[in-house]
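Student: My questions will all concern the structure given below.
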Amino acid sequence: MSLPLHAEMSERIWYYCFRIICGMIFVFLIFPILIMFPLSFNAQPYFTFTPEMLSLDPAGYSTQWYEKFFTSSTWQSAVRNSLIIAFFSTLISTFLGTLAALGLSRPEFPYKTTIMGILISPMVVPLIISAAGMFFFYSRIGLQGSYIGVILAHAALATPFVVITVTATLVGFDHSLTRAAASLGSAPTRTFFYITVPLITPGVISGALFAFITSFDEVVVVLFVGSVKQRTIPWAMFSGIREQISPTILAVASILVTFSIILLTVLELLRRRNERLRGMSAA
Amino acid sequence: MSETNVNSELLKTPDGTPLKVALARTLRYRKRTALLLVAPLFLFVMVTFLFPIFDMLSRSVDNKIMHEIFPQTTALLGEWDESSGELPGEAVFKALVQDGQVAAQEKTINRAGKRLNYEKSGMSSLFRKTGRKLLRFDPEKLETNYTDVVLGIDRKWKDIETWQLLKRESAKYTASYYYAALDAQMTSAGLGFKDENKQIYMTLFKRTLYMSSLITFLTILLGYPIAFLLASLKTRTSNLLMILVLLPFWTSLLVRTSAWIALLQKEGVINDFLVGIGLIGDDSRLQMIHNQTGTIISMTHILLPFMILPLFSVMKTIPPSYMRAARSMGATPFTAFRRIYFPNTIAGIGAGGILVFILSIGFYITPALVGGTDGTMISNFIAYHISESLNWGLAAALGTILLLLVLALYILYDKIVGIDNMKFG
């Protein structure tokens with residue numbers, strides 16, 4: 001959208017105004033996230049810039065909150081819990097979700113909309129309702145406060161993301177490829193592993209990433225289904241903000257943002273690879 | 001044509017089955033495989049997710065507690081005519097004493113009292129007192145009759161309303177949690193609503209809907225220009241700017257909430273800045289957090305990407321030639337936008353709007369952390385009743401109402417966008 005040469009004065013004014021408005025909205029979007037990085041190096045236990053920080057005095061900065069994070073046993077066990085729970089729930093949801101997506105995208109599948117609606121429901125139901133339901137159910141079967149309970153709960157919450165992502169990949173799937181393989185004498189399993197799997201892998205990986213991040217970020221369900229033993233990073237942050245607010249939270253937040261930047265990059269690379277594989281982009 | 005028809009009758013597979021039969025068999029087989037692939041996840045979601053939710057929501061009508069703790073009394077009360085204006089007969093009083101003694105020994109009587117206290121205050125203490133006295137009561141030393149024993153415990157037992165309440169709550173299913181969730185109460189005089197200024201949950205529902213609508217409106221207001229800009233820029237530039245939208249989208253909810261706490265609190269960055277440039281005095285720092293303002297600002301920020309992404313994908317499909325055509329026929333840029341571009345983006349606004357609205361009426365974490373008292377939403381009260389007041393029936397009733405609201409919107413979303421067309425990133 002560049003300004004045409006013959007643009008009138010009013011158009012020019014509007015053009016620059018619009019850009020300024022957009023710039024301000026972008027600032028609104030990104031500023032709160034970026035501001036945490038400098039704040040997390042605060043030498044004082046405040047959530048704001050001290051005069052020393054503003055005058056760029058090195059004494060105003062310190063890495064103590066990061067040290068606190070890396071040496072505190074609470075935070076370290078939270079990291080371990082988050083990783084364990086996210087890993088296993090990703091495994092379960094990716095496996096079940098991919099299978100289901102393969103079935104759902106077959107043209108012969110009956111009652112597709114209804115079944116899809118049920119499978120996606122964990123994403124739609126307000127988290128507090130899911131959390132309450134799971135709390136009572138898992139308490140009754142003795143899984144409340146266990147890793148298995150939290151893992152199963154997170155897997156259920158994450159499956160819709162896998163189903164949707166893999167189904168979206170399969171929409172562009174060229175079925176003549178599997179037919180070609182079959183006509184050349186390949187058995188269905190062989191076709192699946194040599195033709196289908198490599199083509200849907202990018203979709204499955206991004207689905208798995210979605211599942212991982214869903215579990216990794218989730219706090220409401222783990223608060224209800226888990227016990228202190230299963231305390232995850234978001235849980236520790238939640239109680240940290242409620243009880244003793246300290247810049248350690250900002251240090252953790254900065255680490256998490258770095259983590260999501262890496263994740264975003266991986267997803268973008270996968271998307272490009274997917275498009276290239278399907279011949280959708282020339283690059 | 002007739003030739004093909006004849007031929008298809010005769011066409012056979014190498015082993016002699018007619019082609020039609022073989023095709024039907026293959027299709028059946030493929031359908032079964034497709035179903036088998038979906039079955040594991042379907043069962044998994046049913047068992048670990050839908051059943052627990054259904055089970056929890058059924059607590060909103062479940063009322064077996066009185067029936068279990070006072071089995072004889074509730075059974076006998078069924079024959080008592082509550083509109084007669086007279087207390088029940090001796091048999092009911094005897095049953096009450098017997099049930100009450102068992103319940104007092106098993107320490108369940110206080111639970112029954114707590115249940116009735118939701119309907120009428122004072123019931124909890126009445127049952128505690130009754131339980132205490134009945135523990136000491138020895139049926140062998142009965143002086144006159146059971147009626148006198150019970151009436152001697154507390155004069156509330158002389159009140160016919162106590163018995164009417166007991167009879168009403170003897171039913172195995174109740175709608176009273178729903179009445180409570182709608183700030184109404186069933187009394188002997190019928191269903192009555194609380195005064196406007198005493199309503200808790202209606203105020204809360206109204207507030208939740210108001211805040212969600214406002215947040216949805218704000219995300220449209222802020223998201224539309226961004227989506228428009230991204231859709232009209234060259235792919236290269238828009239991909240770069242898209243990162244600014246996707247990074248918040250991918251950042252943990254708690255990270256973003258704590259960022260807003262750092263920014264908005266009284267000793268926070270924004271207040272410090274405003275004091276620093278002399279706009280406000282050090283003693284008149286703005287209260288922007290732990291109230292509705294804080295919740296709305298941070299939720300708008302958190303949900304904005306959910307508006308931009310669907311809007312962007314709709315705007316991307318509008319050919320730029322539409323606008324050029326309108327301009328070439330003499331429309332001003334504004335008219336071209338209003339008459340041509342904007343109507344084409346309505347679907348995107350609808351999709352993003354419903355998505356943001358669905359997400360915001362179920363929000364829990366952010367209002368819990370930055371909401372204070374006037375910024376909390378319905379989810380916060382459900383959580384409160386589950387983990388603190390332990391009034392699970394009321395929590396379930398509130399949850400059912402919330403869920404029905406979300407389901408209605410979900411169906412609407414499905415009609416507009418189609419759930420199959422949902423995409424991320």
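Student: Give the Cα extents of the range A:177-230 along the principal axes, in whole Å, largest first.
Tutor: Rounded to whole Å, the extents work out to 57, 16, 13 Å.
Student: Further question on the same structure: Express the C-alpha Rg of chain A as a ratio against the empirical globular expectation 2.2 N^0.38 Å, rounded to two decimals.
Tutor: So chain A has a normalised radius of gyration of 1.28.
Student: Around residue B:12, which amide H atoms from residues at least 5 apart in sequence, or from another chain, sit under 5 Å from its own amide H, with H modelled in the peptide plane?
Tutor: Amide H neighbours of residue B:12: B:19.
Student: Using only alpha carbon positions, build the gyration tensor of the range A:98-143, then give the equivalent ellipsoid semi-axes as the square roots of 5 times its eigenvalues, largest first, whole angstrom.
Tutor: In descending order, the three semi-axes are 29, 12, 8 Å.
Student: For residue B:187, list long-range residues whose amide hydrogen, built 1.01 Å from N in the peptide plane, is under 5 Å from its own amide hydrogen.
Tutor: For residue B:187, whose amide H was placed from the backbone, the distant partners under 5 Å are B:192.
Student: Report the Cα centroid-to-centroid distance between the range B:24-67 and the range A:215-246 in angstrom, as an integer.
Tutor: When both Cα centres are located, 29 Å separates them.
Student: With 10 Å bins from zero, work out the P(r) of the range A:97-222 over every alpha carbon pair and list the percent per bin.
Tutor: Once binned at 10 Å, the Cα pair distances of the range A:97-222 give 12, 35, 29, 16, 7, 1.
Student: Right, another one. Over the range A:140-211, what per residue volume does the convex hull of the Cα atoms give, in whole Å³?
Tutor: Looking at the range A:140-211, the number lands at 111 Å³ per residue.
Student: Does the range A:197-283 classify as rounded, prolate or oblate by the C-alpha gyration tensor (a ≥ b ≥ c root eigenvalues; a/c under 1.5 gives rounded; else a/b over b/c gives prolate, otherwise oblate)?
Tutor: Oblate shape, in that a/c is at least 1.5 and b/c is the bigger or equal ratio.
Student: Pulled fully out, how much extra length does the chain show between residue B:125 and residue B:15, if you take 0.36 nm times their separation in residues and subtract their Cα-Cα distance?
Tutor: Taking 0.36 nm per residue and subtracting the Cα distance, the gain is 31.2 nm.
Student: Between residue A:265 and residue A:148, what is the FRET efficiency for a Förster distance of 35 Å, r being their Cβ-Cβ separation, to the nearest 0.05?
Tutor: Computed FRET efficiency for residue A:265 and residue A:148: 0.60.
Student: Next question, about the same structure. For the range B:195-200, just list the computed ³J(HN,Hα) in residue order, Karplus coefficients 6.51, -1.76 and 1.60, θ = phi - 60°, integers in Hz, with x standing in for Gly and Pro.
Tutor: Values per residue, Gly and Pro as x: 4, 3, 7, 9, 5, 9 Hz.
Student: Could you pull out the longest piece of chain A with no exposed loop GluC sites (Glu not before Pro) in it, calling a site exposed if DSSP puts it outside H, G, I, E, B and it has at most 13 other Cβ atoms within 10 Å?
Tutor: A:9-242
Student: Which entries of B:133/B:156; B:129/B:158; B:156/B:206 show an alpha-carbon separation above 26 angstrom in the structure shown?
Tutor: B:156/B:206
Student: Moving on. If the cut-off is a Cα-Cα distance under 19 Å, which aspartates and glutamates reach residue B:12, setting aside same-chain residues fewer than 8 apart in sequence?
Tutor: Straight-line reach from residue B:12, under 19 Å: B:3.
Student: In the range B:96-192, how does Rg compare with the Kirkwood Rh, expressed as the Rg/Rh ratio over alpha carbon atoms?
Tutor: Expressed as Rg/Rh, it is 1.01.
Student: Output wanted: per-residue J couplings in Hz (rounded whole) for the range A:165-173, from phi through Karplus 6.51 cos²θ - 1.76 cosθ + 1.60, θ = phi - 60°, x for Gly and Pro.
Tutor: 5, 5, 4, 4, 5, 6, 4, x, 6
Student: Still on this structure, please answer the following. Among the aspartates and glutamates, which fall within straight-line cross-link reach of residue B:234, defined as a Cα-Cα distance under 19 Å, with same-chain neighbours fewer than 8 residues apart omitted?
Tutor: Answer for residue B:234, where 19 Å is the Cα cut-off: A:268, A:275, listed by chain and number.
Student: Let me know the volume per residue of the alpha-carbon convex hull for the range A:1-136, in Å³.
Tutor: Expressed per residue, the convex hull around the Cα atoms of the range A:1-136 is 286 Å³.
Student: According to the Cα gyration tensor, what semi-axes, each the square root of 5 times an eigenvalue, does the equivalent ellipsoid of chain B have, listed from largest to smallest in whole Å?
Tutor: The three semi-axes for chain B are 57, 39, 19 Å.
Student: Another question about this same structure. Compute the normalised compactness of the range B:3-113: alpha-carbon radius of gyration over 2.2 N^0.38 Å, N being the residue count.
Tutor: 2.44
Student: Per residue, how big is the convex hull around the C-alpha atoms of the range A:132-283? Give it to me in cubic angstrom, could you?
Tutor: Output value, Cα hull per residue: 139 Å³.
Student: I would also like to ask the following. What whole number of Å gives the distance from the Cα centroid of the range B:157-203 to the Cα centroid of the range B:344-387?
Tutor: 29
Student: Let me ask something additional. Using helices alone, what [θ] at 222 nm do you get for the protein assembly as shown, with -39,500 (n - 2.57) per DSSP H run of 4 or more residues, divided over all residues and rounded to the nearest 500?
Tutor: Result for the protein assembly as shown: -22000 deg cm²/dmol, rounded to the nearest 500.
Student: If you don't mind, there's one more thing I want to ask. If the elastic network links every pair of Cα atoms under 10 Å, which of B:238, B:84, B:213 fluctuates the most in the Gaussian network model of chain B?
Tutor: The residue with the greatest mean-square fluctuation here is B:84.
Student: How high is the FRET efficiency between residue B:158 and residue B:390 when r is their beta carbon distance and R₀ equals 30 Å, given to the nearest 0.05?
Tutor: The pair residue B:158/residue B:390 has a calculated efficiency of 0.45.
Student: Given N residues in the range B:314-425, what is its alpha carbon radius of gyration divided by 2.2 N^0.38 Å?
Tutor: For the range B:314-425, the normalised Cα radius of gyration is 1.57.
Student: With a bin width of 10 angstrom, please list the P(r) values of the range B:237-367 as percents of all Cα-Cα pairs, from the 0 bin to the one holding the largest distance.
Tutor: Using 10 Å bins, I get a P(r) of 11, 28, 26, 21, 12, 2 for the range B:237-367.
Student: Next question, about the same structure. Reachable aspartates and glutamates from residue B:94, Cα under 14 Å, same-chain residues fewer than 8 places away excluded?
Tutor: Once the sequence-local aspartates and glutamates are set aside, what remains near residue B:94 is B:138, B:140, B:143, B:148.
Student: Go from 0 up to the bin containing the longest alpha carbon distance in the protein assembly as shown, width 10 Å each, and give me the % of pairs per bin.
Tutor: Percent of pairs per bin, in order: 3, 12, 19, 20, 17, 13, 8, 5, 2, 0, 0.
Student: Related question: Which of B:80, B:392, B:260 moves the most in a Gaussian network model of chain B with Cα springs under 10 Å?
Tutor: Evaluated over chain B, the most mobile residue of the options is B:80.
Laboratory data are not the source of any read-out in this text; all were calculated from the coordinates shown. Just so you know, these numbers come straight off a predicted model, no measurement behind them. Ideal geometry is used to build each Cβ from the backbone, glycine not excepted, and the neighbour counts take in all protein chains shown.
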